[in-house]
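To start, the structure under review is shown below, and the notes come after it.
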Amino acid sequence: MSEEMIQKIQRLKKEHDAVILAHNYQIGEVQDIADFTGDSLGLSIQASKTTAKVIIFCGVYFMAETAKIICPDKKVLIPDENAGCPMANMITIRQLRELKKRYPDAKVVCYVNSTAEIKAESDICCTSANAIKVVNSIPENEQIIFVPDQSLGDYVAKQTGREMILWQGYCPTHHRILAQDIKSMRKKHPSAKVIVHPECTSDVIELADVALSTSGMLKFAKESDAKEFIVGTEIGLLHSLKKENPDKVFYPVSKLADCPNMKLNTLEKILWSLEDMVYEVFVPEEIRVKAWNTIDKMLKLS
């Protein structure tokens, strides 16, 4: 890591009154230079609270878009404009509208891993950290459409006892974590606690001790008496887990759980972003207002 580059970033941050937000799946040096790291919910809350004029969002595009929806008066930049989310692209606005026509009385709960258009067409947003709370807030006599993640939706349906209409989207990174990987790791590390993300498939979740959001995993690891953990999520989280718990050992379930889009943001790109004020994220106001309503309902529950 170049000390000179870090100093340049810090200087430009002050000049532009900028704050750097980084998701838990970013590379270690990006997490280390960030003012705040967290999961989608935590970063949404930080975006809503910041007094900075510029937000440098180190994550994937829907996250930066969410920050712009929450903070329309701020300049939101993403260091690499190609950092997309495959899951967010697995449902289009046309597909969601057709689904709503088939179930006209259903409430639409959209995972935050979705585009601004999808959020605008939904009733309430959720993250993996609060999805159960969001679903429980909907009256039991109302149908629920859950988009776009079938794995998170299935997990929430089982936890709440609610029948939900699930869209067949998924996270390719979390679906690369297999049940056989969990079994193999348990044999190697029998005393380790197994923690997985609810974006994993149901057979993986069933083999885990707990299924948690990334912020939930960090909290669990810190508070647990266990000294070893098998971690079933994107491998970027291991940086924070090790940093916050130097006396504990963390094993990735699978090294294949590596999101290439999350890894597109680098220190060099953060520097270029601050130097040239690129790449700015825009959301049409009509869509932004509708999307904000769904996010605001979620934030009030949180």
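Here's a check for you: in region 91-122, which residue that is of a type in the set (D, E, K, R) and closer than 16 Å to I70 by Cα is surrounded by the fewest Cβ atoms within 10 Å (Cβ to Cβ)? Reasoning before the result, please.
To start, the set of residues in region 91-122 that are of a type in the set (D, E, K, R) comprises 94, 97-98, 100-102, 105, 107, 117, 119, 121.
Those left that are additionally closer than 16 Å to I70 by Cα: 117, 119.
On the way: E117: 19, K119: 28.
Residue satisfying both the conditions and the ranking: E117.
Scanning region 141-154 for residues that are open to solvent by 30 Å² or more (accessible area, probe 1.4 Å) and in contact with a helix residue (DSSP H, G or I) (Cβ under 6 Å, 6 or more places away or on another chain) yields one hit, D154.
Between K68, K119, K74, which is among the basic types (K, R), farther than 26 Å from L274 by Cα and in contact (Cβ under 8 Å) with a residue 12 or more places away in the chain? Going through K68, K119, K74 in turn, the sole match is K119.
Against the list (1) more than 25 Å from C85 (Cβ to Cβ); (2) part of a loop (DSSP other than H, G, I, E, B), the condition S184 fails is (2). Candidates in region 161-178 are the residues that are open to solvent by 30 Å² or more (accessible area, probe 1.4 Å) and out of contact with any strand residue (DSSP E or B) (no Cβ under 7 Å at 6 or more places or on another chain); of these, the one that is modelled with the lowest pLDDT is E163.
Applying the set (1) crowded, with 21+ Cβ neighbours inside 10 Å; (2) in contact with a helix residue (DSSP H, G or I) (Cβ under 6 Å, 6 or more places away or on another chain); (3) in contact (Cβ under 8 Å) with a residue 60 or more places away in the chain; (4) not basic (K, R) to I55 leaves exactly one unmet item: (3). Taking D181, is it crowded, with 18+ Cβ neighbours inside 10 Å and over 21 Å from the mean Cα position of the chain (by Cα)? Against the criterion (crowded, with 18+ Cβ neighbours inside 10 Å and over 21 Å from the mean Cα position of the chain (by Cα)), D181 qualifies. Condition check for E223 on (1) among the charged types (D, E, K, R); (2) farther than 30 Å from Q7 by Cα; (3) under 15 Å from the mean Cα position of the chain (by Cα): one failure, at (3). Quickly run through region 33-46 and pick out the residues that are surrounded by fewer than 21 Cβ atoms within 10 Å (Cβ to Cβ) and either among the hydroxyl-bearing types (S, T, Y) or at pLDDT below 95 (or both). If the condition is that a residue be surrounded by fewer than 21 Cβ atoms within 10 Å (Cβ to Cβ) and either among the hydroxyl-bearing types (S, T, Y) or at pLDDT below 95 (or both), then I45, Q46 are the ones that fit.
Can you go through K74, K49 and tell me which one is out of contact with any helix residue (DSSP H, G or I) (no Cβ under 7 Å at 6 or more places or on another chain) and modelled with pLDDT under 95?
Details: K74 fails: modelled with pLDDT under 95.
Step by step, each of K74, K49 is checked, and only K49 is out of contact with any helix residue (DSSP H, G or I) (no Cβ under 7 Å at 6 or more places or on another chain) and modelled with pLDDT under 95.
The values are calculated or read from the model by the stated rules, or taken from the named source; none is laboratory data. Since this is a predicted model, take the numbers as computed values, not measurements. With ideal geometry, Cβ positions are generated from the backbone for all residues, glycine too; neighbour counts draw on all protein chains shown. Surface areas here come from the heavy atoms of the whole protein model, side chains and all, with no ligands, DNA or RNA. Shrake-Rupley method; radii C 1.70, N 1.55, O 1.52, S 1.80 Å.
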